[in-house]
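The values are calculated or read from the model by the stated rules, or taken from the named source; none is laboratory data. Note that the structure is predicted; figures quoted are calculated from it, not measured. Note that each Cβ is placed from the backbone with ideal geometry, even for glycine, and that neighbours are counted across all protein chains shown. Side chains included, ligands, DNA and RNA excluded: accessible areas come from the protein's heavy atoms. Shrake-Rupley method; radii C 1.70, N 1.55, O 1.52, S 1.80 Å.
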Amino acid sequence: MLGHSHATSGAMAWAATAAALPLTVATFPLFRMETTQFGIAELLMGTLLTAGAALLPDADHPSGTISHVLGPISHHACRFISWASGGHRHGTHSLLFVVLAVTATWAGEHWLGRPFTLALVFFLLALAVRSLHLCPPGKSLRTYGTVVVLATAGTFAVDHWIVDKPAWLPICVGLGCLAHLLGDCLTDRGCRLFWPLPLRTRVPLIDRTGNAVETWVISPLFVLGTMAALWYAIVHQP
């Protein structure tokens, strides 16, 4: 699937989860509802962060959206990850990667503190800006500048409004990665969900990346689903 489709699927995954679950779950809150405004801020920011997280499995793709989000820095990092994970749709397209990504996010929040949280937020927002086409296309300085400015603004917003160790940030990462894997399982190539086992899981509804079904049916449905779920979650705030 295209980066835009992955991002919109991640956004819908977060919005649907927020709409389906109570805003406070036992002692592990999905949102910290000190005020209604604060809850809405987390809801909307979580949608963008999960959209960005939905690009993380493509860190093994040197030509993907994530490879170009921050220029040569992200490109060379993706080339290394591709080599280390065995190529595209291998290690990073597995359930093991989802578990590791969620665990690393939780550990980073608790052991490395606020600098890790804000750095991760910046990177995920940069991915969201790029994949949702909120910046000029291409690889120009104008493109990268827009990505950096918008991601920086969002990071400052998180630093101002969001709690020190948001318990929902690992959930954003996990939901985004899962949405990506499920999306790629809809293609003919599928995913090795149980990597390193060679078994591939696939339900080939999309025979080619960017085809008419993805462009005109699946991706618009993700956008409409996100908007509907966000509306429901906001309207039913306690």
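Please report the net charge: other residues with Cβ closer than 14 Å to the Cβ of Thr8, K and R +1, D and E -1.
0
Using heavy-atom solvent-accessible surface (probe 1.4 Å) with all chains present, what is the largest-first order of Leu96, Leu118, Leu125?
Reading off the accessible areas and sorting them downward yields Leu96, Leu118, Leu125.
Assign one of three labels to the stretch 84-180, namely rounded, prolate or oblate, based on the Cα gyration tensor with a ≥ b ≥ c the square roots of its eigenvalues; rounded applies when a/c is under 1.5, prolate when it is not and a/b is larger than b/c, and oblate otherwise.
Judged from the Cα gyration tensor, the stretch 84-180 comes out oblate (a/c at least 1.5, b/c at or above a/b).
According to the Kirkwood expression over distinct Cα-Cα pairs, how big is the hydrodynamic radius of the stretch 70-139, in Å? Could you put the intermediate results ahead of the total?
Working: mean 1/r = 0.0717 Å⁻¹.
Computed over the stretch 70-139, the radius equals 13.9 Å.
Kindly provide the helix-only [θ] at 222 nm of the chain, computed as the sum of -39,500 (n - 2.57) over DSSP H runs of four or more divided by all residues, to the nearest 500 deg cm²/dmol?
Helix contribution divided over all residues of the chain: -19000 deg cm²/dmol.
So, for the stretch 52-150, what is the accessible surface per residue at a probe of 1.4 Å, expressed in square angstrom?
Each residue of the stretch 52-150 exposes 47 Å² on average to a 1.4 Å probe.
Using a 1.4 angstrom probe on heavy atoms only, work out the carbon and sulfur share of the accessible area of the stretch 30-143 in %.
Of the solvent-accessible surface of the stretch 30-143, carbon and sulfur hold 72 percent.
Got a sec to turn the phi values of the stretch 127-142 into Karplus ³J(HN,Hα) couplings, 6.51 cos²θ - 1.76 cosθ + 1.60 with θ = phi - 60°, whole Hz, x for Gly and Pro?
My calculation for the stretch 127-142 gives 5, 5, 4, 5, 6, 8, 6, 8, 10, x, x, x, 10, 7, 4, 5 Hz in order.
Quote to one decimal, in nm, the extra length available between Leu134 and Arg202 on full extension: 0.36 nm per residue of separation minus the C-alpha distance between them.
Contour length minus the Cα-Cα distance gives 21.4 nm.
Please report, as a whole percent, how much of the solvent-accessible surface of the stretch 144-215 comes from carbon and sulfur atoms (probe radius 1.4 Å).
69 percent
What is the diffusion coefficient of the chain in µm²/s, taking the Kirkwood radius over Cα pairs and the Stokes-Einstein relation at 10 °C with a viscosity of 1.306 mPa s?
88 µm²/s
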